[in-house]
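As structure tokens, the structure follows; a few thoughts come after it.
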Amino acid sequence: MNPSPKEKAHFPMSFSFSHTMPTILTNNFFFFSIIIIFFFFLDFELGQAANSLADPHWHSATATWYGSPDGDGSDGGACGYGTLVDVKPLRARVGAVSPVLFMNGEGCGACYKVKCGDPSICSRRPVTGIVTDECPGGYCANGRLHFDLSGAAFSRMAVAGLGPQLRNRGEIPVFFRRTPCKYPGKNIAFHVNEGSTDYWLSLLVEFEDGDGDIGSMHIKQYNAVEWVEMKHVWGASWCIIGGPLKGPFSVKLTTLSTQRTLSARDVIPRNWSPKATYTSKLNFSP
């Protein structure tokens, strides 16, 4: 029996659908697979970038020690942390580095693991040092990679009981690598440097987890819309010149090593004062 005109129109549609459906499903499956793979690798790359500070490779350098044999190192330092280096969590972990690592103060706050290279007297245990000072001459000159550690930190690299012998060697070969800074229980704080006024405001960053260093800082005054870039003054200090400056101030900092950004809203109060320290409510994850 011959099909009706209506049935003739229906057959080609059914035939076309039944043959193209597997193709559509295959194409869709391929398309979504590509998307999944793309985001997988994107996530992987972002994860790698976020953790790029943790260098798995050890690099050669030299090290000396300063201060008293079992001391925590000298007060202050070129980074401007002042008496902060005398108390925990910085105490006994501070150190001076050569200019190639100090980088005109941009290396301030960075954390390194350092271990001795002589197995006859040294343990395999590295010590963690925080850059708080610069050693510009002597062992640190001529582009050398050098760490001038506190007596206590230098001694801890030795096998138990051999700290005095290690110190007697003076300069020793070491290996070092960057490591994320960790200040448990601490949030980023902003110290208003002495001499700050309504026309010149200088800030120093303390207890920065993660990179520890600073690549740029911006500040926003009361009721302002735009961020204003601060200038790097010296060490770990940044400033803004203008005025009269009106608080409260919000501060945004970007790390040097991995360009991570953090903004602390109204962290400097309206009635701020020089030599005061104001603590934010946040920090980077190390």
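The values are calculated or read from the model by the stated rules, or taken from the named source; none is laboratory data. Treat the numbers as computed from the prediction; the structure is a model and nothing was measured. Positions of Cβ are backbone-derived with ideal geometry, glycine not excepted, and every protein chain shown enters the neighbour counts. All accessible areas refer to the heavy atoms of the entire protein, side chains included, with ligands and DNA or RNA removed. Shrake-Rupley method; radii C 1.70, N 1.55, O 1.52, S 1.80 Å.
Please give the per residue accessible area of segment 145-258, computed with a probe of 1.4 Å over protein heavy atoms only, in Å².
Normalised by residue count, the accessible surface of segment 145-258 is 41 Å².
What are the ³J(HN,Hα) values, in whole Hz, obtained from phi via the Karplus relation 6.51 cos²θ - 1.76 cosθ + 1.60 with θ = phi - 60°, for each residue of segment 181-194 in sequence order, with x given for Gly and Pro?
6, 9, 10, x, x, 10, 10, 4, 10, 10, 9, 7, 5, 4
Ordered by residue, what ³J(HN,Hα) values in Hz, to whole numbers, does segment 101-107 give under the Karplus form 6.51 cos²θ - 1.76 cosθ + 1.60, where θ = phi - 60° and Gly and Pro are x?
9, 6, 6, 6, x, 6, x
Using a 1.4 Å probe on the protein heavy atoms, what percent of the accessible area of segment 81-163 belongs to carbon and sulfur?
54
Enter the per residue convex hull volume of segment 169-276, computed from alpha-carbon coordinates, in Å³ rounded to the nearest integer. Show your work: numbers first, answer last.
Details: hull volume 14.9 nm³, N = 108.
Each residue corresponds to 138 Å³ of Cα convex hull volume.
Output the peptides 258-264, 61-67, 93-99 sorted from most to least packed, where packing is the average of other Cβ atoms within 10 Å over each peptide's residues.
Answer by packing, highest mean first, reads 93-99, 61-67, 258-264.
Could you go through segment 267-280 in sequence order and give the Karplus-derived ³J(HN,Hα) for each residue, using 6.51 cos²θ - 1.76 cosθ + 1.60 with θ = phi - 60°, rounded to whole Hz, and x for Gly and Pro?
Each residue's phi maps through the Karplus curve to give 6, 9, x, 4, 9, 5, 9, x, 6, 8, 10, 10, 9, 7 Hz.
Let a ≥ b ≥ c be the square roots of the eigenvalues of the Cα gyration tensor of segment 127-198; is it rounded (a/c under 1.5), or, if not, prolate (a/b larger than b/c) or oblate? Mind showing how you got there, number by number?
Details: a/c = 2.43, a/b = 1.61, b/c = 1.51.
It is prolate, given that a/c is not under 1.5 and a/b is the larger ratio.
Would you mind checking Lys220/Lys275; Lys220/Lys281; Lys113/Lys220; Lys115/Lys275; Lys115/Lys186 for any pair whose Cα atoms are more than 25 angstrom apart?
Going by Cα-Cα distance, Lys113/Lys220; Lys115/Lys275; Lys115/Lys186 fall outside the 25 Å limit.
Provide Phe175, Phe147 ordered by accessible surface of protein heavy atoms (probe 1.4 Å), highest first.
Details: Phe175 75, Phe147 5 Å².
Putting Phe175, Phe147 in descending order of accessible area: Phe175, Phe147.
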